[in-house]
Each structure stands twice: as C-alpha cells, then as structure tokens.
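Below: the structure, in structure tokens.
The values are calculated or read from the model by the stated rules, or taken from the named source; none is laboratory data. The model shown is predicted, which means the values in this text are computed figures rather than measured ones. Cβ sites come from the backbone with ideal geometry, for glycine too, and all protein chains shown count toward neighbours.
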Amino acid sequence: MSELPTESLSFEQSLAELDRIVRDLEDGQLGLEEALGRYETGVGLLKRCYAQLRQAEQRILLLTGTDADGQPLTQPFEHTATAEPGQGDSKRRRKKDDGPQILF
C-alpha cells in the first residue's frame, strides 16, 4: 500500500488503492495473513468512499428557478427513494392471457 495513511487519501486515491487491493486478492499470490490484512484495508477504504459519496450528495443543490434579478434559486438536495412506498411486492406479475403474445 502507499505510504499515505488512508485517512488522508482523496476519493480517487482511495478508489485506486482499492482497485490494487482487489487485483492483489484476485491474483491469489498473497499468503493468508497478508490477504486478510489487505481485505481489511479494502473494507476500510470502501467505507471511506461511501462516506465521501454521502457527503458529496448532501452538498448538491437543486436549481429551482431564478429570482427577479436572474440569480439562481436553489434548495438542498434531499435523497429519497424512487420507488413508491406501500406497494408491498415489488416484483412485476405477468398477466395471464389466453391468446398468443406478440413480442415485437
């Protein structure tokens, strides 16, 4: 791993290091202890990347229009699920039809 502690890595550096760890683990040339250490480091980097993405998402502003002076009006981005609540089963059910189906 690089000499920089994982806390000081940028998002891009963390992703690059995570990619190296995955390649090393997939290569299969590491001993058990070293592989476990690299895996644990990778999990830490992954958590760090997710936290950085959440922070970036919270900084996004939605453009809602312009005021009388032409200045942009914004509001904080609120992340919400896109699925409608209360639908119960999210699987689509196929309609049973007596006639043949036309696919195209």
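Among residues of the stretch 17-39 that are closer than 22 Å to C49 by Cα, those with a beta-carbon under 7 Å from a residue that is surrounded by fewer than 13 Cβ atoms within 10 Å (Cβ to Cβ) at least six positions away or on a different chain give the pairs E17/S2. The single residue among L32, L73, L45, L36 that is modelled with pLDDT of 65 or more and either in contact with a Phe, Trp or Tyr (Cβ under 8 Å, 6 or more places away or on another chain) or surrounded by 13 or more Cβ atoms within 10 Å (Cβ to Cβ) (or both) turns out to be L45. Only one residue in E17, E40, E33 is touching a helix residue (DSSP H, G or I) at 6+ places or on another chain (Cβ under 7 Å) and of a type outside the set (G, A, S). Which one? When all the criteria are applied, what remains is E17.
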